[in-house]
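The values are calculated or read from the model by the stated rules, or taken from the named source; none is laboratory data. Small disclaimer: the values here were computed from a predicted structure and weren't measured. Glycine gets a Cβ as well: all are built from the backbone with ideal geometry, and neighbour counts include every protein chain shown. Calculation scope for accessible area: heavy atoms of the full protein, side chains included, ligands and nucleic acids excluded. Shrake-Rupley method; radii C 1.70, N 1.55, O 1.52, S 1.80 Å.
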Amino acid sequence: MRNVVLYQLMSLDGVAEEPGNWMFDTDAGVFDNLARVIERQDAVLLGRGTYDYWSGYWPTADVEPFASFINGTTKHVFTASRPATAWSNSVFVDTPAAGYVAALKAGDGGDIGIHGSIALAQSLLHAGLVDELRLVVAPALAGTGRKLFADQDALRRLDLVEVHGTTGGNVLLTYRVPGQ
């Protein structure tokens, strides 16, 4: 059984949208943590909005370790229509995410990552398909923007696996979902 791992940058007040607006100190600790997360992943789940946004940047980017990873990894993109921009290793999925991801989890392979894609992440959390949360909490209050954890989320307990601080003041949190 494969694990679904949600990797998310977020501000101290819970905003996950547009981290470039409020994540000021992306230090070596953040990049080292990212490298540890993605080294176990061989598939990524993306929503259409993230795909459209990233497909214009990552194919020519040199920000490592993520550029090589995201360009070389199979990207399962949830969309009702085929995007205009092609990006290597992309698989377009027009079926409900929960069933598709459950089938991926049951197969062979490494971890399945969710990067960005807030609405997709929320739906998979709600469906009980996320096994691990790898959160990078920046020392900033964004004030506005979409949050990963919405008001309609049900109460649930997570198990803290690991916590580290970085020199830039970021907090790296790893949680497991009990029973997953």
Open item on the list: When the residues of segment 102-124 are narrowed to those that are touching a Phe, Trp or Tyr at 6+ places or on another chain (Cβ under 9 Å) and in contact (Cβ under 8 Å) with a residue 60 or more places away in the chain, which ends up nearest to Asp42 (Cα to Cα)?
Closed with: Gly113
Task: Residue within segment 121-132 that is open to solvent by less than 60 Å² (accessible area, probe 1.4 Å), in a strand (DSSP E or B) and in contact with a Ser or Thr (Cβ under 8 Å, 6 or more places away or on another chain) present - done: yes
TODO: Identify the single condition in (1) at negative phi; (2) surrounded by fewer than 17 Cβ atoms within 10 Å (Cβ to Cβ); (3) touching a Lys or Arg at 6+ places or on another chain (Cβ under 8 Å) that Gly109 does not satisfy, given that it satisfies every other one.
DONE: (1)
TODO: Could you tell me whether segment 92-99 includes any residue that is in contact (Cβ under 8 Å) with a residue 24 or more places away in the chain, open to solvent by less than 40 Å² (accessible area, probe 1.4 Å) and farther than 12 Å from Val4 by Cα?
DONE: yes
Task: Hits in segment 140-166 - residues which are assigned to a loop (DSSP other than H, G, I, E, B), open to solvent by 80 Å² or more (accessible area, probe 1.4 Å) and at pLDDT 95 or above - done: Leu141
- [ ] Just need a number here: residues in segment 43-91 that are over 18 Å from Ile118 (Cα atoms) and open to solvent by 70 Å² or more (accessible area, probe 1.4 Å).
- [x] 9
